[in-house]
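The values are calculated or read from the model by the stated rules, or taken from the named source; none is laboratory data. None of the values given here were measured: they were computed from a predicted structure. Neighbour counts run over all protein chains shown; Cβ positions are idealised from the backbone, glycine included. SASA here: full protein model, heavy atoms, side chains in, ligands and nucleic acids out. Shrake-Rupley method; radii C 1.70, N 1.55, O 1.52, S 1.80 Å.
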Amino acid sequence: MSSPAEIRDWEIRQEGAGDEPFIAALNEAGFGPGRYAKTAYRLREGVRAVAELGFVAIENGTLRGSVRFWPVKVGHDDVLLLGPLAVDGAQRGRGIGISLMQAGIAAAREKGWRAILLVGDEPYYARAGFAKLPPGRVQFPGPVDSSRLLGLALADGALENLNGLIRRARIDEAVCADSAPLG
Ligand SMILES: CC(C)(COP(=O)(O)OP(=O)(O)OC[C@H]1O[C@@H](n2cnc3c(N)ncnc32)[C@H](O)[C@@H]1OP(=O)(O)O)[C@@H](O)C(=O)NCCC(=O)NCCS
């Protein structure tokens, strides 16, 4: 007998311009308006996501999930901030979230990024290789539960050397983090 976890009719592809309204709806459903108050959101405000690292899961023409990555700086180092990662509530537990992350991580590695940070649940993100950062090395510009600050090195020693305040890598324009045009 087949279970939902065994059926994989969805595919992962790069995010395109037409996906924007569906991603916005997904993030609204997944995180609610409270997301705007989060410190991670402050780091995305006014900054465009890295266009080539946006991925979506599509099944029968319907968007099931999305992941985006934002550029940030820690001290002098350019690294990525993963998120939002969201999967349609009715489609969870099918491996879509992990596949989205793996697609993004592979593309980030290929593009030469050295490390990815995120704020999230370690038991879940450990499945994609993330681990807790040593406390006190990377400071956020607002309240963040330090046990949820996770990192993944894409190059040798990339996390060990990170030290300092995490901040926006640049300012692009006044845009909303989950409705930012990619480009
Ligand atoms: C978190 C989320 C992206 C996972 O997507 P998904 O497609 O269901 O994930 P996967 O199918 O790849 O993995 C599911 C597995 O991870 C586990 N899991 C999911 N969220 C978890 C969490 N927060 N902590 C620990 N385990 C978690 C599930 O129990 C399931 O376990 P199983 O394989 O043993 O049954 C999805 O639940 C979601 O969109 N949540 C709302 C938004 C959110 O919280 N995003 C993450 C913060 S950036």
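With angles folded into 0 to 90 degrees, how steeply does helix 20-31 sit against the dominant principal axis of the chain? Use alpha carbons for both and round to 10.
70
Given the options I171, I98, I23, state which has the largest fluctuation in a GNM of the chain using a 10 Å cut-off (strictly under) for Cα springs.
I171
Please list L133, L165 in order of solvent-accessible area, largest first, computed with a 1.4 Å probe with all protein chains present.
If we order L133, L165 from most to least accessible, we get L165, L133.
With a Förster radius of 35 Å, plug the Cβ-Cβ distance of I171 and I58 into 1/(1 + (r/R0)^6) and report the FRET value to the nearest 0.05.
Between I171 and I58 the formula returns 0.65.
Please list, in order, the residues from region 52-86 whose amide nitrogen is less than 11 Å from a point placed 7 Å along the Cα→Cβ vector of A25.
62-64
Roughly speaking, to the nearest percent, how much of region 10-168's 1.4 Å accessible area is carbon and sulfur?
Using a 1.4 Å probe with all protein chains present, region 10-168 comes out at 50 percent carbon and sulfur.
What do you get when you divide the Cα radius of gyration of the chain by 2.2 N^0.38 Å, with N the number of residues?
So the chain has a normalised radius of gyration of 0.99.
What are the ³J(HN,Hα) couplings of region 90-102, residue after residue, when phi is run through the Karplus curve with 6.51, -1.76, 1.60 and θ = phi - 60°? Round to Hz, x for glycine and proline.
Per residue, the Karplus-derived 3J(HN,Hα) values read 7, 10, 6, x, 9, x, 5, x, 5, 5, 4, 4, 4 Hz.
Return the distance in nm (one decimal) between the two label points of a simple spin-label model at R137 and K73, each offset 7 Å from Cα along Cα→Cβ.
2.0
Projecting each Cα onto the charge dipole of region 10-168 (Lys/Arg +1, Asp/Glu -1 at the beta carbon, about the Cα centre), which of G95, N161, G65 comes out farthest on the positive side?
Of G95, N161, G65, it is N161.
Can you work out the accessible area per residue across the chain, with the rest of the protein chains kept in place, probe 1.4 Å, in square angstrom?
Per-residue value: 49 Å².
Between K111 and R127, how many nm apart are label points set 7 Å from Cα along the C-beta direction?
Rounded to a tenth, the inter-label distance reads 2.4 nm.
Compute the FRET efficiency between D9 and A51 as 1/(1 + (r/R0)^6), taking r as their Cβ-Cβ distance and R0 = 41 Å, and round to the nearest 0.05.
0.95
If you put +1 on each Lys and Arg Cβ and -1 on each Asp and Glu Cβ, how big is the dipole of the chain around its Cα centre, in Debye rounded to 20?
That gives a dipole near 480 debye.
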